[in-house]
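Colleague: Have a look at the structure that comes next, please.
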Amino acid sequence: MAKVCQITGRKRMIGNNVAHSKLRTKRKFSLNLKHKKFWLESEQRFVTLKVTCKGIRHIEKNGLEQTLRDAQKKGYINLV
């Protein structure tokens, strides 16, 4: 599976390494992805998600169920 946050939809970015001589070479900016288990109270089970730290803060602020609903609407996640 790709390195994509299942809550925010963020992917890695492409940029440049810039040397002192202004020579540019391509590089990748990776995400701070974590595999985290969250307790889903409505279904009485754990849900494992691949989320960034920003996604974790988003879950803490808005609640897990609301955040999962929003991510499913945007197409970032497919819950069965």
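The values are calculated or read from the model by the stated rules, or taken from the named source; none is laboratory data. What you see is a predicted model, and the numbers here were worked out from it, not measured in a lab. Glycine gets a Cβ as well: all are built from the backbone with ideal geometry, and neighbour counts include every protein chain shown. Just the protein is used for accessible areas: all its heavy atoms, side chains included, with ligands, DNA and RNA removed. Shrake-Rupley method; radii C 1.70, N 1.55, O 1.52, S 1.80 Å.
Colleague: Tell me, what is the percent relative contact order of the chain, built from C-alpha pairs under 8 Å that lie six or more residues apart? Kindly include the intermediate steps, with their values, before the conclusion.
Modeller: Working: 108 pairs, mean separation 23.9, N = 80.
The value is 30 percent.
Colleague: For the chain, what % of the accessible area comes from carbon and sulfur atoms, probe 1.4 Å? Each step should come with its number before you reach the end.
Modeller: Numbers: 3160 of 6280 Å².
Looking at the chain in its full context, I get 50 percent from C and S.
Colleague: From the cross-link list Lys3/Lys36; Lys26/Lys74; Lys34/Lys74, which pairs have alpha carbons spaced over 23 Å apart? Write out the running numbers ahead of the final one.
Modeller: On the way: Lys3/Lys36 14 Å; Lys26/Lys74 30 Å; Lys34/Lys74 21 Å.
Lys26/Lys74, as the Cα separations exceed 23 Å there.
Colleague: With labels modelled as points extended 7 Å from the Cα through the Cβ direction, what inter-label distance (nm, one decimal) is found for Lys54 paired with Gln66?
Modeller: Here the modelled spin labels are 2.0 nm apart.
Colleague: Considering only protein heavy atoms, what per residue accessible area in square angstrom results for region 1-67 with a 1.4 angstrom probe?
Modeller: Details: 5180 Å² over 67 residues.
Value returned for region 1-67: 77 Å² of accessible area per residue.
Colleague: If I model a spin label as a point 7 Å beyond the Cα along the Cα-Cβ vector, how far apart are those points for Met13 and Arg27 in nm?
Modeller: Computed distance between label sites Met13 and Arg27 equals 1.3 nm.
Colleague: A further question on this structure: Along the three principal axes, how long is the chain when you take its alpha carbons, biggest first, rounded to the nearest angstrom?
Modeller: Answer, in whole Å and largest first: 58, 20, 19 Å.
Colleague: May I ask for the angle, rounded to the nearest 10°, between helix 53-62 and the longest principal axis of the chain, with both axes built from Cα atoms and the value confined to 0 to 90°?
Modeller: Helix 53-62 sits at roughly 30 degrees to that axis.
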